[in-house]
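Read the structure below first, then the notes.
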Amino acid sequence: MANTMNIDVRGLKLMRASELESCFASAPAAEMASGVYRGGALVLSGTRIGQAVNALLQLIWQGKNIHLDSSCIYNRVTPFGFSMLRGALSHGLGVDGRPSTIISYPILGAGDEVRQVGAKTFLGRGTRNGRYIVYFYLGYDS
């Protein structure tokens, strides 16, 4: 499915929760390349308090390293971007029954669903036990 959306990271950071939900629901599954994806949480996005919370979370989680050749990802953590918490990358149906790029973390019983909202911009949501936990963004700089 071709991506007709053109939303960048700045646009995602300005969206409220209901707008993120609508954007995620209408976005196609992500078409991702191997590489480093900068990322950040979208907690209380679109609000001043959310800006502060997300800036603090940025010190802990900074994105993902994706390795298509081995179908795995590593989360980038700490200000130094250490690779930790390996996940398995696949394609399937999200919690809402729509196609998504799926990242599974069996050790946690959790996962991520990722959809593409711009040429190199991705909107994801963390899930656990079939429930949405948090939205996040990923940006790819080739």
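The values are calculated or read from the model by the stated rules, or taken from the named source; none is laboratory data. As the structure is a computational prediction, the values presented were derived from the model and not from experiment. Quick reminder, even Gly has a Cβ in these numbers, built from the backbone with ideal geometry, and neighbours come from all protein chains shown. Side chains are part of the model used for accessible areas, which takes the heavy atoms of the whole protein and leaves out ligands, DNA and RNA. Shrake-Rupley method; radii C 1.70, N 1.55, O 1.52, S 1.80 Å.
Here are the criteria: (1) open to solvent by 60 Å² or more (accessible area, probe 1.4 Å); (2) at positive phi; (3) in a strand (DSSP E or B). Tell me which single one residue 44 does not satisfy.
Just one mismatch for residue 44, condition (3).
Could you list, in sequence order, all residues of the range 88-112 that are buried (at least 20 other Cβ atoms within 10 Å of the Cβ) and either in contact (Cβ under 8 Å) with a residue 60 or more places away in the chain or not in a strand (DSSP E or B) (or both)?
Correct list: 94, 100, 101.
In the range 62-87, what count of residues is obtained for those that are in a strand (DSSP E or B), under 16 Å from residue 138 (Cβ atoms) and open to solvent by 40 Å² or more (accessible area, probe 1.4 Å)?
Going through the range 62-87 one residue at a time, the tally reaches 5.
Within the range 42-55, can one find any residue that is closer than 18 Å to residue 138 by Cβ and basic (Lys, Arg)?
Within the range 42-55, none of the residues are closer than 18 Å to residue 138 by Cβ and basic (Lys, Arg).
Can you tell me which residue in the range 113-141 is nearest to residue 55 (Cα to Cα), limited to those that are of a type in the set (A, V, I, L, M, F, W, C) and buried (at least 17 other Cβ atoms within 10 Å of the Cβ)?
136
Within the set of pairs 6 or more residues apart or between chains, which connect a residue that is among the hydroxyl-bearing types (Ser, Thr, Tyr) inside the range 49-73 to a residue that is in a strand (DSSP E or B) and surrounded by 15 or more Cβ atoms within 10 Å (Cβ to Cβ) with Cβ atoms less than 7 Å apart?
Filtered contacts from the range 49-73: 71/89.
Evaluate the following for residue 33: is it closer than 26 Å to residue 5 by Cα and either small (Gly, Ala, Ser) or in contact (Cβ under 8 Å) with a residue 60 or more places away in the chain (or both)?
Here the answer is yes, as residue 33 does meet what is asked.
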